[in-house]
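These notes are about the structure you will find just below.
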Amino acid sequence: MEAYLDNAATTFVFPEVKETMIKVMEEDFGNPSSLHKKGMDAESYIKEAKDTIRSYLKVEAKEIVFTSGGTESNNMALLGAAYANRRRGNHIITTSIEHASVYNPLIHLEEEGFRVTYLPVDEKGIVDIDALKNALCEDTILVSIMMVNNEIGSVQPIEEIGTCIKAYKDSILFHVDAIQAYGKFKIYPKRWKIDLLSVSGHKIHGPKGSGFLYIKDKTKITPLLFGGGQQKGMRSGTENVPAIAGLSVATKQMYEKQEQHMVYMQGLKERLIQGVSEIEGVYNHSGDAPHIISLSFVGVRSEVLLHALEEKGVYVSSGSACSSNHPAISGTLKAIGVPKECLDSTLRFSLSVFTTEEEIDWAVQCLKEIVPVLRRFIRR
């Protein structure tokens, strides 16, 4: 028995995604910039993908720029917006629980003279709106806030935040990292006053190396890649047509049954939490997202428990997969006030539309067996 419960790290592709990508690679493999039929056939996949994404976000097709994934989208949004608007100011606002692909570009910008304010969050990981209002100033040019936290699943009030920012000054750009939200939540950039929105394909059963950045029309942003001028000069380089086509199919698959998926995953989440509640010394730090569960098993190091579960065929994470090469205590857990004894004993369980009740029950059974044994071993 196996239980893959690390879907916030990555997901396997829908069968329809694989079939579409193979067709593009074997049959419609032309360069979308070529003027002949092969090129036009390839270009049609890009147009179709933009139309699909546009229809669910309620935006314009020309506002979608395809990228290699979430990291590139976040870097393009933050660096591109900061460089293009630095004459208006040098102040950027974010939160204390952002992903590394937001933090590290901001650290780079700080080294270049930009000033960054890191907003606090409450015990549920929700940003302090009053702190945001107090942080806004005449020099603020950009606010970047993640919609769904990748470690604990807290869901930010994005519409309220967007309204707050634009009420202060309409020219301040609002960037949202929607990498854990896209496909699972309905997102309306226009209504929520979002200027930049980052998405990754491999979190929604699309291919790795796929993603996009929504850039609201007339938003001032500097390109990071220069070359042949593809995508209207915003992201030069031959488009990855198979990945773009796969992302389009994954988007359709996720949004056609979006509400059904949410209810299903929420049920699995509750089943897991209820199951582990029978184990002594387990603390739940999970936010409202239905697919992410953060649990601490006091007295057992997360890395030790992770590998013990792995031996039983249960795959989980000790935090963000993107930070796994740099082991450290999670800044997110610190920010929400997790007790010291829980910081190094927390695991993330993340679900998908393919996760089964059997997988959840197997994980719970394994935890009930493993945790007491590891605790006894540690006490000795």
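The values are calculated or read from the model by the stated rules, or taken from the named source; none is laboratory data. These numbers were taken from a predicted model, which means no experiment stands behind them. Virtual Cβ from ideal backbone geometry, glycine too; neighbours counted across all protein chains shown. Surface areas here come from the heavy atoms of the whole protein model, side chains and all, with no ligands, DNA or RNA. Shrake-Rupley method; radii C 1.70, N 1.55, O 1.52, S 1.80 Å.
Taking only the range 68-96 into account, find how many residues are open to solvent by 10 Å² or more (accessible area, probe 1.4 Å), within 17 Å of the chain's Cα centre (by Cα) and of a type in the set (S, T, N, Q). Summing the residues that are open to solvent by 10 Å² or more (accessible area, probe 1.4 Å), within 17 Å of the chain's Cα centre (by Cα) and of a type in the set (S, T, N, Q) in the range 68-96 gives 4.
Close contacts from the range 232-256, counting a first residue that is on the phi > 0 side of the Ramachandran plot and a second that is charged (D, E, K, R) and assigned to a helix (DSSP H, G or I), with Cβ to Cβ under 9 Å and a gap of 6+ residues or different chains, come to 232/62.
Cβ-Cβ below 7 Å, separation at least six or inter-chain, first residue in the range 89-111 and in contact (Cβ under 8 Å) with a residue 12 or more places away in the chain, second open to solvent by 10 Å² or more (accessible area, probe 1.4 Å) and among the basic types (Lys, Arg): which pairs? Between residues of the range 89-111 that are in contact (Cβ under 8 Å) with a residue 12 or more places away in the chain and residues that are open to solvent by 10 Å² or more (accessible area, probe 1.4 Å) and among the basic types (Lys, Arg), the close pairs are 90/115; 91/115.
Listed here are the residues, each with its yes/no results for (1) more than 22 Å from residue 333 (Cβ to Cβ); (2) not small (Gly, Ala, Ser).
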| position | (1), (2) |
| --- | --- |
| 117 | no, yes |
| 131 | no, no |
| 137 | yes, yes |
| 144 | no, no |
| 150 | no, yes |
| 154 | no, no |
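Regarding the range 210-217, can at least one residue be identified that is out of contact with any Ser or Thr (no Cβ under 7 Å at 6 or more places or on another chain), open to solvent by less than 10 Å² (accessible area, probe 1.4 Å) and closer than 29 Å to residue 18 by Cα? Looking through the range 210-217, at least one residue is out of contact with any Ser or Thr (no Cβ under 7 Å at 6 or more places or on another chain), open to solvent by less than 10 Å² (accessible area, probe 1.4 Å) and closer than 29 Å to residue 18 by Cα. Taking the range 47-67 as the range and being part of a helix (DSSP H, G or I) and either open to solvent by less than 20 Å² (accessible area, probe 1.4 Å) or more than 19 Å from residue 204 (Cα to Cα) (or both) as the test, the residues that pass are 47, 49, 52, 53, 57, 61, 62, 63. Look at the range 308-345 and say how many of its residues are of a type outside the set (Gly, Ala, Ser) and at pLDDT 95 or above. Going through the range 308-345 one residue at a time, the tally reaches 7.
Candidates are the residues of the range 30-60 that are more than 16 Å from residue 194 (Cα to Cα) and among the hydrophobic types (A, V, I, L, M, F, W, C); the one that is farthest from the chain's Cα centre (by Cα) is 35. Every test in (1) open to solvent by 30 Å² or more (accessible area, probe 1.4 Å); (2) outside any strand (DSSP E or B); (3) touching a Ser or Thr at 6+ places or on another chain (Cβ under 7 Å) is passed by residue 247 save one, and that test is (1). Taking the numbered list (1) touching a strand residue (DSSP E or B) at 6+ places or on another chain (Cβ under 6 Å); (2) modelled with pLDDT under 95 in turn, residue 229 passes all entries but (1).
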